[in-house]
Each structure stands twice: as structure tokens, then as C-alpha cells.
Amino acid sequence: MRYFYVIYSVTTFVALFLLFFPLFILFSFFGAWGRKAIWRIIQVWSYIWFFIIAIPVRKVYLQKPDRKKQYVVVGNHWSYLDTAMIFRAIPFYARPLAKYELTRIPLFGFLYKAMAVVVDRDSAESKLKSLHLLKHTIETEKTSVFIFPEGTFNETGSPLKSFYDGAFRIALQTQTPILPVIFPDTIKRWHYSGFWQWSPGISRAVFLPEISVKGMKTEDLELLKEQVYKAMWQALLETD
């Protein structure tokens, strides 16, 4: 039954993607406005897909985010399902940071290039450019961004692995509050250890209280990073 479920889930994912793909192409020509339109389409796609594969998403608000504000949204990362959860759970547009490797996937890579800020983590130049683009998004498009500060999957067995500086540097430079979000169940729904490790069930998105950076400077980066890390670590322990 597990194999049947995985094949069914992947097939429906691809079918919905192909259904919406002409719209992705159309809106990719409209810059920042087009990215927001694509975000809404992906939201519709994610609502349908999570429903038909029997993974109901439950949003838990320890503090409701203000949709009128901009945030640097950060989340934990230990499943392929985390990316889909961004669009299903975040209630406002947030331009995500995505791995360069995903752009190599036929058709799907086109969507990533149109929607996300792409980074090659093996290239210092690419990292610098991606941070500049995320900062530019906040300052000129007046929208939020989404970053997995762990960078890659957390396979340590601990709630979190160490954070990179990028998300916190951007928050400080733009004076944008941090919004931590945890996905405590995605590892149970699709374990990083194997393609066939899928299972239906509830997947929660827990929104933690926003963390202000007002008055903080670049030299406070480590302090801010530690504050966010501790908040997310504790939340993951409490929601296990």
C-alpha cells in the first residue's frame, strides 16, 4: 500500500503541475506582479494536492502574523515536503530561497527560476548574489521572503542543525522582523531517508511569535541567530 500511495501522490502532483503550467509561463513575463500571481496559483495547487493525498495541514498560531507586515520567514528543514508546506501554510506571499539543483528538473525548474531566488551553495558569488536579491525583494517589492536557515536537510537526529547567517543578516540590514515557523510533522509524512518513505496524516505548521530586530545592528547577528535558534528548538521539542 505504501508504494501505491507514493505513486498516487507523485502522479497527482505532476498532473496538477501540468494543468497549471501554462499559467506559470504566462505570469512569468510580468516580473514582481507575476511572481505574486504564481504564488497564488501554487497555493491553489497545494490546497488541492494536500487534500487528495490525505495530508490535512493544520496551522497553529502561537502568535498570528500581521499580513500587512513584511517578514524574513524562517523554517526548519528535514523533508522534501517542507517546500510544498511553504505554499500551503504561509498565509501571505513570501518569495523563497531555493537550491540551484532544483532548477535542473525539467519544467519544474522553470517554475523555480520564475518564482524563487535561486542559490548555488557551492558558489560564494551565487550566495552573495542571492542575498542581494532577497534584500532587494524586501526593499523594492515590499514583500516577505522565506529561508531555510539550516540550508540543507537536517539529518542529525536533533531538532535543528546549525544556522547560516544569511537570513539574519538580511533581517538586520533591512530592519525586517523574523517570523519563525516550524513544520514538526513533515519528517513523518515524507522521511528524508528514502523516496518511498511517505505516509498520510496531519502535517502542522506552527507559527511562533515574531522576533523584532528594531534597533539591532549587524554586530548583533550572532545574538539574533541564537535567539531564533533557541525559540525554534524549544518549539520543536514541545510539539514532537
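Filtering 68, 59, 99 for residues that are under 30 Å from residue 233 (Cβ atoms), surrounded by fewer than 20 Cβ atoms within 10 Å (Cβ to Cβ), modelled with pLDDT under 95 and touching a strand residue (DSSP E or B) at 6+ places or on another chain (Cβ under 8 Å) leaves a single hit, 99.
Considered as a group, the residues in region 162-191 that are charged (D, E, K, R) and under 26 Å from residue 59 (Cα atoms) include one that is nearest to the chain's Cα centre (by Cα), and that residue is 185. The residues listed here are 167, 114; of these, the one that is at negative phi and either touching a strand residue (DSSP E or B) at 6+ places or on another chain (Cβ under 6 Å) or outside any helix (DSSP H, G or I) (or both) is 167. For residue 231, indicate whether it is modelled with pLDDT of 95 or more and in a strand (DSSP E or B). Considered against the rule, which asks whether it is modelled with pLDDT of 95 or more and in a strand (DSSP E or B), residue 231 comes out as no. Applying the criterion of being closer than 19 Å to residue 166 by Cα, surrounded by fewer than 20 Cβ atoms within 10 Å (Cβ to Cβ) and of a type in the set (A, V, I, L, M) to the residues of region 111-134, the residue that is farthest from the chain's Cα centre (by Cα) is 124.
Every residue, every condition in (1) over 22 Å from the mean Cα position of the chain (by Cα); (2) closer than 25 Å to residue 133 by Cβ, yes or no:
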| residue | (1), (2) |
| --- | --- |
| 2 | yes, no |
| 9 | no, no |
| 13 | no, no |
| 31 | no, yes |
| 36 | no, yes |
| 40 | no, yes |
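Take the residues in region 92-110 that are part of a helix (DSSP H, G or I) and more than 15 Å from the chain's Cα centre (by Cα); name whichever of them is farthest from residue 70 (Cα to Cα). Among those that are part of a helix (DSSP H, G or I) and more than 15 Å from the chain's Cα centre (by Cα), it is 104. So, in region 73-96, of the ones that are under 22 Å from residue 198 (Cβ atoms) and among the β-branched types (Val, Ile, Thr), which residue ends up surrounded by the fewest Cβ atoms within 10 Å (Cβ to Cβ)? Filtering region 73-96 for residues that are under 22 Å from residue 198 (Cβ atoms) and among the β-branched types (Val, Ile, Thr), the one surrounded by the fewest Cβ atoms within 10 Å (Cβ to Cβ) comes out as 83. Regarding region 143-150, can at least one residue be identified that is closer than 19 Å to residue 67 by Cα, in contact (Cβ under 8 Å) with a residue 60 or more places away in the chain and over 14 Å from the mean Cα position of the chain (by Cα)? Checking region 143-150: at least one residue is closer than 19 Å to residue 67 by Cα, in contact (Cβ under 8 Å) with a residue 60 or more places away in the chain and over 14 Å from the mean Cα position of the chain (by Cα).
Every residue, every condition in (1) within 25 Å of residue 1 (Cα to Cα); (2) in a helix (DSSP H, G or I); (3) of a type in the set (A, V, I, L, M), yes or no:
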| residue | (1), (2), (3) |
| --- | --- |
| 32 | no, yes, yes |
| 39 | no, yes, no |
| 50 | yes, yes, no |
| 60 | no, no, yes |
| 63 | no, no, no |
| 66 | no, no, no |
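Sub-8 Å Cβ pairs linking a first residue in region 164-189 that is free of Cβ contacts under 8 Å to residues at least 24 places away in the same chain to a second residue that is hydrophobic (A, V, I, L, M, F, W, C), at least 6 apart or interchain, are 185/202, ordered by first then second residue. Counting only residues that are touching a Ser or Thr at 6+ places or on another chain (Cβ under 6 Å) and either part of a loop (DSSP other than H, G, I, E, B) or not hydrophobic (A, V, I, L, M, F, W, C) (or both), region 173-191 holds 5 of them. Scanning region 192-212 for residues that are within 18 Å of residue 61 (Cβ to Cβ) and surrounded by 17 or more Cβ atoms within 10 Å (Cβ to Cβ) returns 203, 204, 205, 206, 207, 208, 210, 211.
The values are calculated or read from the model by the stated rules, or taken from the named source; none is laboratory data. Just so you know, these numbers come straight off a predicted model, no measurement behind them. Here the Cβ is made from the backbone with ideal geometry for all residues, glycine too, and neighbour counts use every protein chain on show.
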